[in-house]
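Comments concern the structure below.
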Amino acid sequence: MPPTSSPFEIYKGLFEEVSRGDRHSAAVARNKLGILRGASVKRSAGVITKSQEKEIASILDSAETRDFSPLIYVIPYHLVAAQVTNVPVSKRAHPLSTEYIVESLQRGQFDVIEVL
């Protein structure tokens, strides 16, 4: 499995950069861009307002490196089975990797673990 689709490798890389307080962290920069893209998609879909999208961008501008400390989401499969879709081969980090998307994950469908 390529590092870009390995939850452990993603976690480890982000944890190391956040732990060091790297203000030029590539992992944090990617996370910020991903959050901004997600906010834009949600605004376009009518899930959030333009004002909410701007608030998210403002929060990201003010966020510090430590605010991006990684979390582990534990998602029991039986709670999301109907929502799981496979990532198309063309969008996977590697054609043989197994990747999934769970749209509209609700708070009652997962737990969060923060490793300090």
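Taken together, the values in this text are just the output of simple stated rules run on the coordinates, not laboratory data. Every value quoted in this text rests on a predicted model; they were computed, and no experiment measured them. Cβ atoms come from the backbone with ideal geometry, glycine included; neighbour counts cover every protein chain shown.
Mind giving me the nanometre distance, one decimal, between the label points for Gln106 and Ile59, set 7 Å out from Cα along Cα→Cβ?
2.1
What percent does the relative contact order of the chain come to when contacts are Cα pairs within less than 8 Å and at least six residues apart?
31
If we restrict to alpha carbons, what Rg and Dmax does segment 1-69 come to, in Å?
13.7, 39
Which lysines have a Cα lying under 26 Å from the Cα of Lys12, excluding residues fewer than 8 positions away in the same chain?
Candidates past the 8-residue exclusion: Lys32, Lys91.
Only four residue types carry charge here, +1 at the Cβ of Lys and Arg and -1 at the Cβ of Asp and Glu. Report the dipole size of the chain about the Cα centre in Debye, rounded to the nearest 20.
The dipole magnitude comes to about 380 debye.
Kindly give the semi-axes, whole Å and largest first, of the ellipsoid equivalent to segment 68-110, taking each as the square root of 5 times a Cα gyration tensor eigenvalue.
Details: eigenvalues 89, 45, 15 Å².
Taking √(5λ) for each Cα gyration eigenvalue gives 21, 15, 9 Å.
Using a Debye calculation, one point per C-alpha and no hydration shell, please list log10 I(q)/I(0) for the chain at q = 0.10, 0.15, 0.24 Å⁻¹ in order.
Reported log10 I(q)/I(0), two decimals: -0.37, -0.88, -1.39.
How far apart, in nm, are two points set 7 Å out from the Cα along the Cα-to-Cβ line at Tyr73 and at Phe8?
2.1
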